[in-house]
1. Of everything in segment 93-115 that's under 25 Å from residue 201 (Cα atoms) and more than 10 Å from the chain's Cα centre (by Cα), which residue is surrounded by the most Cβ atoms within 10 Å (Cβ to Cβ)?
2. With the condition kept exactly as written, say whether any residue in segment 77-84 is outside the structural domain of residue 214 (by TED's automatic domain parsing), in contact with a helix residue (DSSP H, G or I) (Cβ under 7 Å, 6 or more places away or on another chain) and surrounded by fewer than 19 Cβ atoms within 10 Å (Cβ to Cβ).
3. Can you say whether residue 200 is within 17 Å of the chain's Cα centre (by Cα), assigned by TED's automatic domain parsing to the domain that holds residue 94 and loosely packed, with under 13 Cβ neighbours inside 10 Å, as far as the supplied structure shows?
4. Just checking, does segment 53-64 include any residue being closer than 19 Å to residue 143 by Cα, charged (D, E, K, R) and assigned to a helix (DSSP H, G or I)?
5. Mind checking which residues of segment 123-160 are polar (S, T, N, Q) and touching a Ser or Thr at 6+ places or on another chain (Cβ under 8 Å)?
6. Within segment 110-127, is there a residue that is over 21 Å from residue 264 (Cα atoms), touching a helix residue (DSSP H, G or I) at 6+ places or on another chain (Cβ under 9 Å) and not small (Gly, Ala, Ser)?
Amino acid sequence: MTISQESFRFVSELVRGESAIVLDAGKEYLVESRLAPLARAAGLPDVDAFVSDVVRRRTPTALRAIVEALTTNETSWFRDSEPFATLRNSVLPTLAAARAGKGIRIWCAACSSGQEPYSVAITALDTPALMGAPVEVVGTDLSEEMLARARAAEYSQLEINRGLPASTLVKHFDRSGVGWRVRPNVAATVSFRPLNLIRPFPAMGTFDVVFLRNVLIYFDSATKRDILSRVRRLIAPDGVLFLGAAEMLTGIDDGWERLPGERSSIYRLRAATTSATTSGITAGIGAGIGAGIGIGAGVTAGLSTGLSTGAA
C-alpha cells in the first residue's frame with residue numbers, strides 16, 4: 001500500500017519543523033519504508049494507520065520516533081581519512097603549541113552512533129604533540145537512539161569493517177561477544193549529549209575544533225546560515241571548522257575563510273586571518289597532509305586475516 005498524501009504531508013511538515021530536513025514530493029517511498037517498522041511495532045496494519053494514530057494521540061515519544069526514523073545516520077570510522085590526517089599532523093600540534101599544555105576541546109555535531117567522535121579521540125590520543133595534554137571530545141545528535149548506541153561504545157563486526165584500520169582495532173578496542181568495544185581510555189575522552197542543530201544551542205563552552213561534516217548538505221541556505229552563525233559564537237578565535245568534502249561556504253557565510261587542504265573542506269574565522277596561530281595551521285596543513293597517518297590503509301586485508309565474523 002502506498003502512503004496517502006495526507007499522511008505524507010503530516011510527516012514531511014513534522015520532520016521539516018523539527019529537523020529542517022525537506023521531504024519533497026516523490027519521497028513517499030522513503031517515508032513509507034522508514035515508518036513501516038514503527039507501524040509493525042505498534043501492531044498497526046500499515047503506515048497510514050500508524051500516522052493516523054500519531055496524529056490523534058500526538059505523544060512526544062511517537063512524534064520523536066517519526067523524526068528520528070527520517071533522519072540520515074550514515075557514518076563510518078575516519079570517514080574520508082584526509083581530515084583526520086590533517087587533524088593529527090597540523091591542526092592539533094599547532095593548537096597544542098598555542099595553548100601551552102591547556103586542554104583542547106572538540107565538538108562533533110550530528111555524530112550519529114559515535115564513530116566520528118571516537119575516531120577524533122583516537123586521532124588525538126595518537127598525536128605525539130598532545131602527549132599529556134587533556135583532550136575533550138563532545139558528540140551531539142538529534143537522535144536519542146543514536147546517542148544511546150554511541151554511549152554504549154559497542155560495534156558489530158560489520159560496523160568495524162567500515163573504515164577502521166586493523167592496527168587501530170587492535171590498539172583501541174576489546175572484544176565484546178561477537179562485536180567490539182571501545183577501550184575505556186578512549187571512551188573516557190568522549191561525552192555525548194542531545195542537540196538539535198536548528199534549535200538554540202545550550203551552554204557548551206568554547207571549542208577549539210568543530211566537526212560539522214556532511215550535515216549542512218541536508219539544509220536550505222537560510223538554515224545553513226543560521227547554524228554557522230551560532231557555531232561562530234562558540235568556536236575559539238583560532239579554532240578550526242571541518243566540513244564534508246563536498247560542502248563549501250561560498251555565498252552562504254562570509255564570516256569563515258577556507259584553509260588549503262586538498263579535498264578537505266576546512267575553515268577558520270575570517271577575523272582570525274592575521275593570527276599567528278591560524279597562520280601556523282595554514283602553513284602546517286600542506287605538510288601534514290603530505291605526511292599522512294595511514295588511516296584507511298589495508299583495512300580489508302587486516303580484518304579478513306584472523307578477525308572473522310561480521311553502519312551506521
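1. 106
2. no
3. no
4. Yes, there is a match, as at least one residue in segment 53-64 is closer than 19 Å to residue 143 by Cα, charged (D, E, K, R) and assigned to a helix (DSSP H, G or I).
5. 143, 157
6. There is at least one residue in segment 110-127 that is over 21 Å from residue 264 (Cα atoms), touching a helix residue (DSSP H, G or I) at 6+ places or on another chain (Cβ under 9 Å) and not small (Gly, Ala, Ser).
One line per residue, one yes/no per condition, for (1) among the charged types (D, E, K, R); (2) surrounded by 13 or more Cβ atoms within 10 Å (Cβ to Cβ); (3) not in a helix (DSSP H, G or I):
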position: 3; (1), (2), (3): no, yes, yes
position: 11; (1), (2), (3): no, yes, no
position: 16; (1), (2), (3): yes, yes, no
position: 21; (1), (2), (3): no, yes, yes
position: 24; (1), (2), (3): yes, no, yes
position: 29; (1), (2), (3): no, no, no
position: 34; (1), (2), (3): yes, yes, no
position: 38; (1), (2), (3): no, yes, no
position: 43; (1), (2), (3): no, no, yes
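Conditions (1) at pLDDT 95 or above; (2) within 15 Å of residue 120 (Cβ to Cβ); (3) basic (Lys, Arg), marked per residue:
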position	(1), (2), (3)
184	yes, no, no
190	yes, yes, no
207	yes, yes, no
210	yes, yes, no
218	no, no, no
248	no, no, no
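The values are calculated or read from the model by the stated rules, or taken from the named source; none is laboratory data. All of these numbers come straight from a predicted model, not from anything done at the bench. With ideal geometry, Cβ positions are generated from the backbone for all residues, glycine too; neighbour counts draw on all protein chains shown.
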